[in-house]
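Here the structure is laid out as structure tokens; the discussion comes afterwards.
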Amino acid sequence: MNRFTKCVFGALLVVSVVAPAASAQKKILVYTRNYTPDGKGYVHQNIAASVEAIKKIGAEKGFGVEVSEDPASFTDANLKQYAALVFSNSNNEAFATDAQREAFKRYIQGGGGFVGIHSASGSQRDWPYFWSVLGGKFVVHPKLQKFTVRVVDSSHVATKGVPAEFEWTDEFYFVDHLNPGIHPVLVADRTKLQYLDAVKNDLSGFATQTPLAWWQKFDGGREYYIALGHNKEDYANPILVKLIENGIVWAMTP
């Protein structure tokens with residue numbers, strides 16, 4: 001083998017080693033659909049900020065981030081390319097057809113990862129399977145206020161690098177139909193909240209230490225949900241960014 005042939009052969013070896021590694025980069029789908037037939041559903045103004053924060057996380061952690069609000073994204077062929085689905089402040093009707101719902105269900109059953117952020121718990125309010133995947137269903141929140149958040153599981157990767165306790169200003173989400181399999185990682189004391197007299201719902205049945213973030217393994221998938229994140233400014237806060245980053249990385253790792 002002459003010198004020229006060796007150089008060409010060596011170059012081909014480099015390409016053959018590098019190309020598969022590049023093509024194997026993991027990707028996630030960030031889904032942001034907010035839809036009601038009458039157009040009156042609440043749409044969070046934080047969506048753009050949340051998407052940018054997740055894109056930055058992806059760039060730093062080495063995974064691709066694709067963004068959509070199109071329910072046509074939910075087909076078997078399309079979903080199989082993603083290591084996790086992130087419902088970032090989605091709300092109301094996430095899907096347009098039963099075929100899309102079934103594709104989502106098969107994705108979870110096939111071992112797919114799922115992350116829900118803030119108002120994602122208000123998505124698909126009439127579909128119990130989605131509640132089970134997310135871990136529960138949004139009920140109500142009192143007026144925006146400050147409260148103390150406490151880490152109750154410091155051993156899980158979701159809370160790695162997060163203070164054991166921190167003050168936070170947000171919508172305090174009450175979520176019911178909690179899946180028995182959830183493992184809370186963040187809680188806050190509902191008895192110390194203000195403005196509860198303006199809430200019409202009976203909140204006495206909720207745990208005093210109300211879960212605000214949790215993980216679970218349900219129906220073959222890996223699921224993580226965090227209720228914090230109403231304010232667009234939150235997505236520049238290192239605490240929330242770390243909680244989202246940790247949850248995504250965990251959910252996308254088999």
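Readers should treat all values here as calculations from the given coordinates under stated rules, not as data from a laboratory. Just so it is clear, the model here is predicted, and its values are computed rather than measured. Please note: Cβ atoms are built from the backbone with ideal geometry, for glycine as well, and neighbour counts cover all protein chains shown.
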Point to revise | Rounded tilt (10° steps) of 47-61 against the dominant C-alpha axis of the chain | key: 40
Revision key, fill the gap. Applied in sequence order to the range 221-227, the curve 6.51 cos²θ - 1.76 cosθ + 1.60 (Karplus, θ = phi - 60°) yields integer Hz couplings, x standing for Gly and Pro, of x, 10, 10, 9, 9, 10, 7
Point to revise | Cα pair distances in the range 148-233, grouped into 10 Å bins until the bin that holds the longest one, percent each | key: 15, 48, 31, 6, 0
Practice item. Taking every pair of alpha-carbon atoms in the chain, give the share separated by more than 31 Å as a whole percent. Key: 26
Check your understanding: Setting aside same-chain residues fewer than 8 positions from LYS160, which lysines have a Cα under 24 Å from its Cα?
Key -> LYS26, LYS27, LYS55, LYS56, LYS61, LYS146, LYS217, LYS232, LYS242
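What FRET efficiency comes out for the pair ASP202/ASN78, r = Cβ-Cβ distance, R0 = 41 Å, nearest 0.05? List each step's numbers first, then the result.
On the way: r = 42 Å, r/R0 = 1.02.
Here the calculated transfer efficiency is 0.45.
Determine the calculated [θ] at 222 nm for the chain from helices alone, applying -39500 (n - 2.57) to every DSSP H run no shorter than 4 residues and normalising by the residue count; nearest 500 deg cm²/dmol.
On the way: 6 runs with 73 residues, N = 254.
Helix contribution divided over all residues of the chain: -9000 deg cm²/dmol.
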